[in-house]
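Okay, so here's the structure we're looking at.
The values are calculated or read from the model by the stated rules, or taken from the named source; none is laboratory data. Remember, it's a predicted structure, so these values are computed and weren't measured experimentally. Cβ coordinates were reconstructed from backbone atoms using ideal geometry, including for glycine residues, and neighbour counts include every protein chain displayed. Please note that ligands, DNA and RNA were not included when accessible areas were found on the heavy atoms of the full protein model with its side chains. Shrake-Rupley method; radii C 1.70, N 1.55, O 1.52, S 1.80 Å.
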Amino acid sequence: LQQHRHYMAQLLAPFSNVAAANPYSQSPVAYTTDQLAAVDSSNYPISVPYSKLLVAQDAVNQAAALLLTSVGHARHLGVDPGQWIFLEAYAQGEDQYLSQRVDPGRSAAMARVLTATMDMADATRADMDLIDLYSCFPCAVHAACDILGLPTDGSRPLTVTGGLPFFGGPGNNYSLHALAEVAVRLRG
């Protein structure tokens, strides 16, 4: 359990570093691995193996928006073509209940969705400059990294916002915040 707590803390500490630099974060604090792994009054147990700082936080009221339209309508609205960003691919899926999975540590739906999206975009992980993995729990981050072949050692940013434990969510439509931040960054 201690080894796993340390792994989860090591996985999420870089998320907190991103959140610390994000003016929109619910918790703009850069936590160390040791701080995230420690169980104390400010990082109390939620359920085994998770403590408060390792799970999504929803005590925040935030909003985000994206304008999604056709090229013709964007021209009609006078949107500068230099500001356009094109969606290359997307996929959706529905997972089995955790208790019904052959391996509770893996999500077949996540694997299908991520693989289909990368295939549709004709992309590999080397093509991804900006990444934001849904981070409700460390296991979701780990599972996505496993499927995409991404490192879990902090050597590559896995969030643009700071993630659900530090930026805030899921009650604030977290994924839209990630998309909005990616759009801002792509526009420079």
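Some values worked out for this structure:
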read-out: Under Karplus coefficients 6.51, -1.76 and 1.60, residue-wise ³J(HN,Hα) of segment 88-104 in Hz, glycine/proline x; value: 8, 6, 7, 8, 9, x, 10, 8, 6, 4, 3, 5, 9, 6, 4, 10, x
read-out: Average accessible surface area per residue within the chain, 1.4 Å rolling probe, Å²; value: 60 Å²
read-out: Nearest-20 debye value, the chain charge dipole, Cβ charges on Lys, Arg, Asp, Glu; value: 180 debye
read-out: Helix axis angle, 108-120 relative to the chain longest principal axis, alpha carbon, degrees; value: 30 degrees
read-out: Ordering of 8-19, 48-59 by burial proxy (mean other Cβ atoms within 10 Å per residue, highest first); value: 8-19, 48-59
read-out: Option label - Cα extents along the principal axes in Å computed here, alternatives [x] 56, 39, 29; [y] 57, 46, 29; [z] 66, 41, 35; value: [x]
read-out: Value of [θ]222 nm, deg cm²/dmol, for the chain, DSSP H segments ≥ 4, -39500 (n - 2.57) each, nearest 500; value: -11500 deg cm²/dmol
read-out: Cα centroid separation, segment 139-186 to segment 50-74 (Å); value: 11 Å
read-out: Share of carbon and sulfur in the accessible heavy-atom surface of the chain [1.4 Å probe, %]; value: 55 percent
read-out: Packing-based ranking, highest mean first, of 162-174, 88-100 given that Cβ atoms within 10 Å are counted; value: 162-174, 88-100
read-out: Degrees separating the helix 2-20 axis from the principal Cα axis of the chain, which is the longest one; value: 40 degrees
read-out: Relative contact order computed over segment 111-188 (Cα-Cα under 8 Å; 6+ residues apart), in percent; value: 30 percent
read-out: Interchain or long-range residues, amide H under 5 Å from S51's placed H; value: I46
